[in-house]
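Student: For reference, the structure I am asking about is given below.
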Amino acid sequence: MLLSNLKKCIHKIMDRRKALKGLGLSLGYIVATPSVFSLLQSCKNDPQISWTPQFFSSNESFILEKLIDLILPKTTSLPGALDVNIPQFIDAYTNEVSSKEEQENFKKGIVTISDSLGKSPNNEAFESLLTKYLKADQKDKEVFSKNEDDTLALKTLTNLRTMTIWAYKTSEKVGEEILAYDPIPGDFLGCISLEETTKGKAWSL
């Protein structure tokens with residue numbers, strides 16, 4: 001059953017290859033087109049079931065999952081990025097949409113990060129890595145700029161965070177069940193506070 005669902009998912013993605021390839025998008029910025037929305041919603045397997053990456057190796061996808069989980073972890077009231085299959089989307093998006101150069105840079109960045117973590121990294125190692133790069137001040141970034149591996153790691157993690165947050169907010173579950181969602185809006189009222197209209201929730205559309 002799982003194999004059948006995966007084949008259907010991959011088939012749907014392949015059918016959209018031509019439309020997606022024309023987007024010419026970078027890893028750090030995604031335009032919310034119907035084709036990208038469709039790709040995001042195409043794989044809805046149980047996140048607890050293992051998945052087969054299309055672009056990354058098994059070890060690279062493991063690194064990707066751990067990083068994404070720490071960027072947007074599950075809380076008592078909100079699902080995490082893994083709960084809405086963000087690693088699967090990023091893998092499929094990179095495979096189907098990114099240019100050859102973008103693919104090579106992204107893979108090289110993940111490999112560099114993997115090498116810096118060592119053979120058997122624990123959660124503390126992943127947390128330390130994200131803190132080092134994503135919470136770096138300007139002085140730290142100037143130091144990173146003098147080292148090729150640090151520069152690549154910073155760019156890769158920054159792009160990954162941007163993509164993870166965008167995909168999470170755009171996912172069907174988060175967009176319709178957590179953020180303010182109204183597919184058929186009424187009158188435009190520009191001077192009403194967000195607290196009054198949505199009880200403080202951001203709009204998903």
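The values are calculated or read from the model by the stated rules, or taken from the named source; none is laboratory data. Keep in mind that this is a model prediction, so the values were computed, not measured. With ideal geometry, Cβ positions are generated from the backbone for all residues, glycine too; neighbour counts draw on all protein chains shown.
Student: Pick out, from region 120-205, the helices (runs of 4 or more DSSP H) lying fully within it that include 2 or more residues that are modelled with pLDDT of 80 or more and closer than 18 Å to residue 87 by Cα.
Tutor: 123-134, 148-170
Residue-wise test of (1) of a type in the set (Lys, Arg); (2) buried (at least 20 other Cβ atoms within 10 Å of the Cβ); (3) touching a residue at least 40 places away in the same chain (Cβ under 8 Å).
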position: 72; (1), (2), (3): no, yes, yes
position: 87; (1), (2), (3): no, yes, no
position: 101; (1), (2), (3): no, no, no
position: 116; (1), (2), (3): no, no, no
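Student: Which one of 91, 115, 83 is over 28 Å from residue 144 (Cα atoms), acidic (Asp, Glu), in contact with a helix residue (DSSP H, G or I) (Cβ under 9 Å, 6 or more places away or on another chain) and assigned to a helix (DSSP H, G or I)?
Tutor: 83
Student: Here is a further query. Considering only residues of region 98-126 that are of a type in the set (Gly, Ala, Ser) and on the phi < 0 side of the Ramachandran plot, which is nearest to the chain's Cα centre (by Cα)?
Tutor: My answer is 98.
Student: Which residues, taken from region 128-156, are loosely packed, with under 13 Cβ neighbours inside 10 Å and either in contact with a helix residue (DSSP H, G or I) (Cβ under 7 Å, 6 or more places away or on another chain) or at positive phi (or both)?
Tutor: Within region 128-156, 145 is the sole residue that qualifies.
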